[in-house]
Amino acid sequence: MAKAKIGIIVGSTRIGRFAEFPAKWIAELAGKREDVEVEIIDLLDYPMNFFGEERTTTAQNETAERWKKKLREFDGFVITVAEYNHGPTAVLKNAIDLGEFVQRPVGFVGYGGVGGARAIEQLRLVFVEMGSASVKTGVHISYAEYLSAIKGEKKLGDYAHLNEAATNQLDQLVWWMNALKTARAA
């Protein structure tokens with residue numbers, strides 16, 4: 001069986017964003033596995049207008065189509081989730097609305113208020129509506145861990161509990177990717 005392919009989505013486009021830290025860390029962890037291929041997908045590379053806007057240009061429509069085409073390459077996703085005002089970033093929600101995630105599992109690595117838990121809760125509901133399977137284990141980066149990583153004092157991989165949660169999440173994600181890949185093929 002071909003290796004399952006995980007897309008790590010960088011869920012923020014803000015200047016000075018933290019999202020690259022968890023994206024690179026989870027990609028590195030997943031890249032050590034023999035059973036998957038990993039690629040980071042950065043929303044900065046897919047500037048899309050908000051869903052349904054009339055002023056959307058041809059180029060922006062082409063970007064949205066390129067985004068959908070890119071997503072079709074993957075069997076599952078891990079999404080970095082910044083929490084702002086108890087929710088995910090608008091750019092991430094828009095990318096989800098414009099994307100194709102049907103019958104593919106998703107995992108979340110959150111940060112911000114309470115480790116991004118409230119934003120992740122919202123996204124789990126959204127992904128149910130998208131026809132996706134959300135894996136049970138989330139990775140929640142606390143503010144103290146966020147600060148130590150952003151200041152360069154520690155790396156996310158220096159925290160045993162984050163590595164454990166990430167490993168559990170990846171195990172669940174791979175199980176769901178393989179199960180849903182088999183089901184899609186049938």
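We did not get these values from a lab; they are worked out from the coordinates using the rules stated. Because the structure is a prediction, the values reported are computed rather than measured. Methodologically, a virtual Cβ is constructed for each residue, glycine included, from the backbone with ideal geometry; neighbour enumeration extends over all protein chains shown.
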(message) Skipping prolines and chain starts, which residues have an amide H placed within reach, meaning under 5 Å, of the one on ILE141, given they are 5 or more residues away or on another chain?
(response) GLY110, TYR111
(request) Compute the distance in nm between two label points, each set 7 Å from the Cα along the Cα-to-Cβ direction, one at ALA183 and one at ARG66. (result) 3.3
(message) At most 13 other C-beta atoms within 10 Å and a DSSP loop state: those are the exposed GluC sites (Glu not before Pro) I care about. Give me the longest piece of the chain that has none.
(response) 74-152
(message) Rounded to the nearest 5, what % of DSSP beta bridges with both residues in region 50-186 are antiparallel?
(response) 10
(message) Taking R0 as 22 Å, what FRET efficiency do you get between ASP158 and GLU37 from their Cβ-Cβ distance, rounded to the nearest 0.05?
(response) 0.30
(message) Quick check: convex hull of the Cα atoms in region 88-177, volume per residue, rounded to a whole Å³?
(response) 94
(message) Greater than 25 Å separation of Cα atoms is the criterion. Which listed pairs, LYS32/LYS93; LYS32/LYS154; LYS69/LYS136; LYS93/LYS154; LYS68/LYS151; LYS70/LYS151, meet it?
(response) LYS32/LYS93; LYS69/LYS136; LYS93/LYS154; LYS68/LYS151; LYS70/LYS151
(request) Specify the longest stretch of the chain that does not include any exposed loop site, a site being one of the trypsin sites (Lys or Arg not before Pro) with a non-H, G, I, E, B DSSP assignment and at most 15 other Cβ atoms within 10 Å. (result) 73-135
(request) Please list, in chain and number order, the residues 5+ apart from ILE40 or on another chain whose amide H is under 5 Å from its amide H, with Hs placed from the backbone. (result) ILE8
(request) Starting from the amide H of PHE77, placed 1.01 Å from N in the peptide plane, find each other amide H under 5 Å away whose residue is 5 or more places distant or on another chain. (result) GLY7, VAL106, GLY107
(request) Please find the FRET efficiency linking VAL114 to LYS3, where r is the Cβ-Cβ separation and R0 is fixed at 35 Å, and quote it to the nearest 0.05. (result) 0.55
